[in-house]
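> So that we are looking at the same thing, I have put the structure below in structure tokens.
The values are calculated or read from the model by the stated rules, or taken from the named source; none is laboratory data. Worth saying up front: this structure is predicted, and the values here are computed from it rather than measured. Here the Cβ positions follow ideal geometry from the backbone for every residue, glycine too, while neighbour counts run over all protein chains shown. With ligands, DNA and RNA removed, areas are computed over all heavy atoms of the protein, side chains included. Shrake-Rupley method; radii C 1.70, N 1.55, O 1.52, S 1.80 Å.
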Amino acid sequence: MKISFAAPALPKSGLLILLVPEGARLEGALGEADRRTGGQVGRAMAAASFTGRRDTTLDLVAPGGGWSRIVLFGVGAPAALRPLDLEMLGGAAAGVIQALKAESATIAAGLDLGGLAPREAASLIASGVRLRVYAFTRYKSKQPEGKPLKEVSVLTADPKGARQRFEAYGAVADGVHLARDLVNEPPNHLHPVAFAERMKPLAKLGLKISIMTPAQMRKLGMNALLGVAQGSAHEARIVVMEWKGGKAQEAPLAFIGKGVTFDTGGISIKPAQGMEDMKGDMGGAACVAGLMMALAKRKAKVNAVGAIGLVENMPDGKAQRPGDVVTSMSGQTIAVLNTDAEGRLVLADVLWYVQDRYKPRFMVDLATLTGAILVALGKEHAGLFSNNDELAQHLADAGLATGEKVWRLPLTPEYDKIIDHDVADVKNIGGRHAGSITAAQFLQRFVNGVPWAHLDVAGTAMDGTRSPINQSWGSGWGVRLLNRLVAQYYEK
């Protein structure tokens, strides 16, 4: 679907979406529409008591003036609108356009929205449209009836500026769509090797892509990660994506993703009900892939590395057993008491590798790690754990700005004692209580003091809360959050 920007003059035909501030008079675009329809817009507003109150709509069918339909969209008080509100407004408008099965539509956005420059307001609305229109139909034998939406034009006083500004928003939307695609893929089509192959084309964007095989991992001593994969017919992979947009000597920002492409639980097998959702247990890796695409496409002025550990956790005669002890790359030994606590084993080796190989400024890992985080936070927030207050605050602020919210939970030595073990250095589960916290305490043992944050995205990366900018099971959660983190605090 094409997004375009045009000068404020209303089009001569088609579907028109008019953004109407609360208490608006019949002037500007609204007044022009009223004149061209012989006063129908004003009469309809009066009859329906439409005042432009936030999130209200008024649909005028065959209003005349050349238009097939006019939809009035209430935006409330324009000065109160935040940038996120404008993205949500664009997504909601796109939802209306899709429901009407229109091939094209025009959104009149020539208002002083949120006190933002016209180009910024228009590009944010367009971003919301792009995020909303995503659909995963690859495996449908028949496509939906009706003609697909081909173009949405956003009217603005600064179309050239909006086009330039939208390049960055469009790059981020592309990254979100990639992450959604990966999470939505069936597990027989996206096993670890296939996932790694899907990353190779990102090199065309300027990313350096490196793929590590089990033989290379064994040489490095990555027995924690390899132990998870040993019960699967599909080999493990680690994919490292490097973006060099900053100064040569600057240490990179590092993003690490858990990529369990399907999780049966291994020998500690999960119940059958709902197990099909475990195709999404690679949501953290999907986010890192989408983020690295976004940074490369918008040519971010920063050095960054994304690393994803890809495994499939299956029960087999070769699968690791509850009670096994493995030696991680760090040299620390791990007692595997439950093979369904596998994501932390994958991350243990990838975190250690990244801090050792790249000496990053910080590390942020994302993982669909614990069901306990759903009990604590539901689907509205991801769990945030960090050894660095500044990084944690930056993530919290970026979450509020993008709507991808996080909530910080504690890390203290008292919780750490719960995962000490009498035979090995650490055990991979800590019992019923504080499950998300003890999982984070486990990961902290493998960051080697580097500033670090862990995001438990089990409630947000898949089957999360639907919103005007996301109607997909695979949400692509985290791409916008981390892009905002980079752009706001670390680019120069």
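> How big is the dipole moment of the stretch 354-465 about its Cα centre under a simple scheme where the beta carbon of each Lys and Arg is +1, that of each Asp and Glu is -1, and everything else is neutral? Debye, nearest 20, please.
Values: 10 positive and 14 negative charges, 22 e Å.
Here the stretch 354-465 has a charge dipole of around 100 debye.
> Please give the net charge around Val346, taking every other residue with its beta carbon less than 12 angstrom from that of Val346, where Lys and Arg add +1 and Asp and Glu add -1. Could the numbers behind the result be given before it?
Numbers: positive: Arg237, Lys258, Arg344; negative: Asp263, Asp281, Glu312, Glu342, Asp349, Asp365.
Surrounding charge for Val346 is -3.
> Another question, if that's okay. Arranged from highest to lowest average of other beta-carbon atoms within 10 Å per residue, in what order do the peptides 400-413, 361-374 appear?
Working: 400-413: 16.8, 361-374: 24.8.
Taking the mean over residues of other Cβ atoms within 10 Å, the ranking is 361-374, 400-413.
> Kindly provide the helix-only [θ] at 222 nm of the chain, computed as the sum of -39,500 (n - 2.57) over DSSP H runs of four or more divided by all residues, to the nearest 500 deg cm²/dmol?
On the way: 15 runs with 174 residues, N = 492.
Roughly -11000 deg cm²/dmol at 222 nm, from the helical runs in the chain.
> Determine the sum of side-chain charges near Phe73: Lys and Arg each +1, Asp and Glu each -1, restricted to other residues whose C-beta is under 12 angstrom from that of Phe73. Can you show the working numbers first?
Working: positive: Arg53, Arg54; negative: Glu22, Asp55, Asp59.
Charge balance in the 12 Å sphere: -1.
> Now, a different point. Where nothing but the Cβ of Lys and Arg (+1) and of Asp and Glu (-1) is charged, how large is the charge dipole of the stretch 294-347 around its Cα centre, in debye to the nearest 20? Don't skip to the answer; put the middle values down first.
Values: 7 positive and 5 negative charges, 128 e Å.
Computed about the Cα centre, the dipole is about 620 debye.
> While we're here: Rolling a 1.4 Å sphere over the protein heavy atoms, what is the accessible area per residue of the stretch 250-331, to the nearest Å²? Please report the intermediate quantities before stating the final value.
Numbers: 2540 Å² over 82 residues.
Per-residue value: 31 Å².
> Could you tell me which of rounded, prolate or oblate describes the stretch 352-491, using a ≥ b ≥ c as the square roots of the eigenvalues of the alpha-carbon gyration tensor, with rounded for a/c under 1.5 and, failing that, prolate when a/b is larger than b/c and oblate otherwise? Don't skip to the answer; put the middle values down first.
Details: a/c = 2.12, a/b = 1.31, b/c = 1.62.
The shape class here is oblate.
> May I ask what percent, to the nearest 5, of DSSP beta bridges between residues of the stretch 316-442 are antiparallel?
On the way: 4 of 9 bridges.
The antiparallel fraction comes to roughly 45 percent.
> Related question: Can you find, among Leu89, Ala79, Ala179, the residue sitting farthest towards the positive end of the charge dipole of the stretch 63-212, where Lys and Arg contribute +1 and Asp and Glu -1 at Cβ?
Projecting each Cα onto the dipole axis, the largest value belongs to Ala179.
> Kindly rank 460-466, 378-384 from highest to lowest mean number of other beta carbons found within 10 Å of each residue.
Working: 460-466: 21.6, 378-384: 19.4.
In descending order of packing, they fall as 460-466, 378-384.
> Which value, in debye to the nearest 20, describes the size of the charge dipole of the stretch 428-492 about its Cα centre when Lys and Arg Cβ atoms bear +1, Asp and Glu Cβ atoms bear -1, and nothing else is charged?
Working: 6 positive and 3 negative charges, 15 e Å.
The dipole magnitude comes to about 80 debye.
> Count the net charge of all other residues whose Cβ sits under 13 Å from the Cβ of Ser210, scoring Lys and Arg as +1 and Asp and Glu as -1. Walk me through the numbers before you get to the answer.
On the way: positive: Lys200, Lys208, Arg237, Arg357; negative: Glu242.
Charge balance near Ser210 sits at +3.
> Can I ask one more? Take every DSSP beta bridge whose two residues both sit in the chain, then give the antiparallel share in percent to the nearest 5. Spell out each step's value before the answer.
Values: 29 of 76 bridges.
In the chain, approximately 40 percent of DSSP beta bridges are antiparallel ones.
> Would you please classify the overall shape of the stretch 360-421 from the alpha carbon gyration tensor, given that a ≥ b ≥ c denote the square roots of the eigenvalues, rounded means a/c under 1.5, and beyond that prolate means a/b larger than b/c while oblate covers the rest? Don't skip to the answer; put the middle values down first.
Values: a/c = 2.09, a/b = 1.27, b/c = 1.65.
Judged from the Cα gyration tensor, the stretch 360-421 comes out oblate (a/c at least 1.5, b/c at or above a/b).
> Let me ask you something else. Quick one: pull the percent of accessible area on the chain belonging to carbon and sulfur, 1.4 Å probe, ligands and nucleic acids left out.
Working: 10180 of 19980 Å².
Carbon and sulfur: 51 percent of the exposed surface of the chain.
> With each label point set 7 Å from Cα along the Cα-Cβ vector, what nm distance links Asp422 and Asp356?
3.1
> Pick out, from Gln393, Tyr489, Thr156, the residue whose Cα sits farthest towards the positive end of the charge dipole of the chain, with +1 on the Cβ of Lys and Arg and -1 on the Cβ of Asp and Glu.
Working it through, the farthest residue towards the positive pole turns out to be Thr156.
> Put a dot 7 Å past each Cα toward the Cβ at Lys301 and Ser4; how far apart are the dots in nm?
It is 3.3 nm.
> Right, here's the next one. Taking the dipole about the Cα centre of the chain, with the C-beta of Lys and Arg at +1 and of Asp and Glu at -1, give me whichever of Ala168, Thr370, Leu253 is farthest to the positive side.
The residue sitting most towards the positive pole is Ala168.
> Which order do peptides 90-99, 174-183, 249-258 fall in by mean Cβ count within 10 Å, highest first? Intermediate values should be presented prior to the final figure.
On the way: 90-99: 21.0, 174-183: 25.3, 249-258: 23.4.
Most protected by this proxy first, the peptides run 174-183, 249-258, 90-99.
> Under 16 Å Cα-Cα from Lys142, which aspartates and glutamates qualify once same-chain neighbours fewer than 8 residues away are excluded?
Once the sequence-local aspartates and glutamates are set aside, nothing remains near Lys142.
> Computed from the coordinates I sent, semi-axes √(5λ) of the Cα gyration tensor in Å equals one of (1) 46, 22, 20; (2) 36, 33, 22; (3) 38, 28, 20. Tell me the label.
Among (1) 46, 22, 20; (2) 36, 33, 22; (3) 38, 28, 20, the one derived from this structure is (1).
> Between Tyr139 and Val375, what is 0.36 nm times their sequence separation minus the Cα-Cα distance? Round to one decimal in nm. Walk me through the numbers before you get to the answer.
On the way: separation 236, 0.36 × 236 = 84.96 nm, distance 3.28 nm.
Residue separation times 0.36 nm, minus the Cα-Cα distance, leaves 81.7 nm.
> List the chymotrypsin sites (Phe, Trp or Tyr not before Pro) in the stretch 124-166 that DSSP assigns to loop (not H, G, I, E or B) and whose Cβ has at most 14 other Cβ atoms within 10 Å. Which are they?
Values: sites: Tyr134, Phe136, Tyr139, Phe166; in loops: Tyr134, Phe136, Tyr139.
Counting only loop positions with at most 14 other Cβ atoms within 10 Å, the chymotrypsin sites (Phe, Trp or Tyr not before Pro) in the stretch 124-166 are Tyr139.
> Solvent-accessible area per residue for the stretch 342-471 at a 1.4 Å probe radius, Å²?
On the way: 5020 Å² over 130 residues.
For the stretch 342-471, the per-residue accessible area is 39 Å².
> Also, I was wondering about something else. Quick one: accessible area per residue over the stretch 46-205, 1.4 Å probe, rounded to a whole number of Å²? Intermediate values should be presented prior to the final figure.
Values: 7120 Å² over 160 residues.
Solvent-accessible surface per residue comes out at 44 Å².
> Let me check against my output: what whole-number percent is the relative contact order of the stretch 1-84, with C-alpha pairs under 8 Å and at least 6 apart? Before the final figure, lay out each step's value.
Values: 137 pairs, mean separation 30.2, N = 84.
About 36 percent, as a whole number.
> From the square roots a ≥ b ≥ c of the eigenvalues of the alpha-carbon gyration tensor of the stretch 304-409, which class results: rounded (a/c under 1.5), prolate (a/b over b/c), or oblate?
oblate
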